[in-house]
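Reading through the structure tokens given below for one structure.
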Amino acid sequence: MDLKQEILKILENNRGNSVNGARIAEMLNVSRSAIWKNIKQLQKEGHHINAAPNRGYCLETSNDILTAESISPYLQDKARNFHLDVRKSVTSTNTLAKEMASEGCPEGTVVIATEQTEGRGRMGRSFYSPDSTGLYLSLILRPKLDINDSLLITTSAAVAVAQAIEKLTSQDVQIKWVNDIFMNGKKVCGILTEASLNVENGGLEYAVVGIGINVTTKNFPKDIEEIAGSIFSEKPDNQPITSILAAELLNNLSYAMDNLTDHSYLSEYKKRSFLIGKDIYVLKGKDTLSARAIDIDYRARLVVEYPDKSIEALSSGEVSVRINQN
């Protein structure tokens, strides 16, 4: 950790309160001039730091620049063991995390960005990821899972996201199988899980679960403006809401990923599903099939019934709700 990060860590741990410059210099065993120069650099980067004579430096409570230092104070229990790699802009957090995982990067590494220039969703779609309005995060896992149970990663992550958003907004959150999070009828989050197979044992070499949340995103592209939304219209002005959201999500993920195979979270997933009992379309290649969603099974597969009364458990694919139904 360089000097600037050390200073920011001290300010984050005292957010809203002034810390004397001489005291910071003493703590870090550097000159007051070095502290002042780094404070100026942090201010230049956009951090809201007030400097007052005889009082010191104060990081404002509203400062919402995403850094490892801004997230760490809100992490709990095992989530404190995550290694946070926070960047201003990346092509895609999943792309970067997959490269790191293939090079042997350990489980628990989290790539976080405030902007993605080539954000990715399922089925080769792009994920709109403008600067400083969302949270874009990818977690590297090395789970001891059979490939047939890999869907559990996405569904447990969906519950973790839903619970984090509900805690911060006090609003109901719904899940559209398998990976979309909705609030007030709008999609506010997408989840993309990608994995590498270990051919020797039929399990996973690694998995990367990517999560993109629209925090205050606006002005969506035309092709998604009718379905996309954000969890806030404006950021609260008295707290670092993006950092708190990131930490709350990581707290939930640390528990969820430790309990993948006990299936206990599936009841929470099903409770939030808005597909069960609905008439839907199942998209299979070039075919669009009418069906009714009737359940989500123990492997997180969507169980559907076709008009001929045949039953199928879907482990992948795309579905959409048929309109004009109660």
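Taken together, the values in this text are just the output of simple stated rules run on the coordinates, not laboratory data. Bear in mind the structure is a predicted one, so any value in this text is a computation, not a measurement. Neighbour counts are summed over all protein chains in view; Cβ atoms, including those assigned to glycine, are modelled from backbone coordinates with ideal geometry.
Treating r as the C-beta distance of Glu226 and Lys40 and R0 as 35 Å, the FRET efficiency rounds to 0.20. Expressed in units of 2.2 N^0.38 Å, where N is the residue count, the Cα radius of gyration of the stretch 3-59 is 0.96.
In this structure, Lys271 and Asn20 have a Cβ-Cβ separation that, at R0 = 45 Å, corresponds to a calculated FRET efficiency of about 0.35.
Counting only alpha carbon atoms, the long axis of helix 93-102 and the longest principal axis of the chain meet at about 90°. Along the axis of the charge dipole computed for the chain (Cβ charges of +1 for Lys and Arg, -1 for Asp and Glu, origin at the Cα centre), the listed residues Leu204, Thr67, Asn179 are led at the positive end by Thr67. The C-alpha atoms of the chain define a longest principal axis, and helix 32-44 lies at about 40 degrees to it. Rounded to the nearest 20 debye, the dipole magnitude of the stretch 3-59 is 120 debye, with +1 charges on Lys and Arg beta carbons, -1 on Asp and Glu beta carbons, and the Cα centre as origin. Past 31 Å, Cα to Cα: identify those pairs from Lys9/Lys176; Lys218/Lys286; Lys9/Lys187; Lys167/Lys309; Lys98/Lys218; Lys222/Lys278, in the order given. Pairs exceeding 31 Å: Lys9/Lys176; Lys218/Lys286; Lys9/Lys187; Lys167/Lys309. The aspartates and glutamates whose alpha-carbon is closer than 13 Å to the alpha-carbon of Lys235, local same-chain residues fewer than 8 away aside, are Asp64. Near the amide H of Ser273, within less than 5 Å, lie the amide hydrogens of Ile175, all on another chain or at least 5 residues away, with H placed in the peptide plane. A protection proxy built from the mean count of other Cβ atoms within 10 Å ranks the segments 50-58, 158-166, 225-233, most packed first, as 158-166, 225-233, 50-58.
Annotation: peptides 127-139, 265-277, ranked by per-residue average of other Cβ atoms within 10 Å with the highest first, follow the order 127-139, 265-277. Across the stretch 3-59, the relative contact order, built from alpha-carbon pairs under 8 Å that are at least six residues apart, equals 47 percent. Which FRET efficiency value, to the nearest 0.05, do you get for Lys167 and Ile294 by plugging their Cβ-Cβ distance into 1/(1 + (r/R0)^6) with R0 = 25 Å? Plugging the Cβ-Cβ distance into 1/(1 + (r/R0)^6) gives 0.25. The 3J(HN,Hα) values that the Karplus relation (6.51, -1.76, 1.60; θ = phi - 60°) gives for the stretch 264-273 are, in residue order, 5, 6, 4, 5, 5, 5, 5, 4, 9, 6 Hz. Gly and Pro appear as x. Each Cα pair under 8 Å and six or more residues apart adds its separation to the average, and for the stretch 279-321 the resulting relative contact order is 38 percent.
Through the Karplus equation 6.51 cos²θ - 1.76 cosθ + 1.60, θ set to phi - 60°, convert the phi angles of the stretch 229-241 into ³J(HN,Hα) values in whole Hz; use x for Gly and Pro. Ordered by residue, 3J(HN,Hα) equals x, 10, 7, 10, 6, 9, 5, x, 8, 10, 7, x, 4 Hz. Helix 151-169 and the longest principal axis of the C-alpha atoms of the chain enclose an angle of approximately 50°. Pairs of C-alpha atoms in the stretch 30-147 farther apart than 22 Å represent 49 percent of all such pairs.
Computed from backbone phi, the HN-Hα couplings of the stretch 303-311 come to 8, 10, 10, 8, x, 7, 6, 6, 10 Hz, rounded to whole numbers (Karplus: 6.51 cos²θ - 1.76 cosθ + 1.60, θ = phi - 60°; Gly and Pro given as x). Hydrodynamic analysis of the chain uses the Kirkwood radius over alpha carbon pairs. Inserted into Stokes-Einstein at 20 °C and 1.002 mPa s, it gives a translational diffusion coefficient of 101 µm²/s. Each of the peptides 309-318, 243-252 was scored by the mean count of other Cβ atoms within 10 Å over its residues; in descending order, highest first, they stand as 243-252, 309-318.
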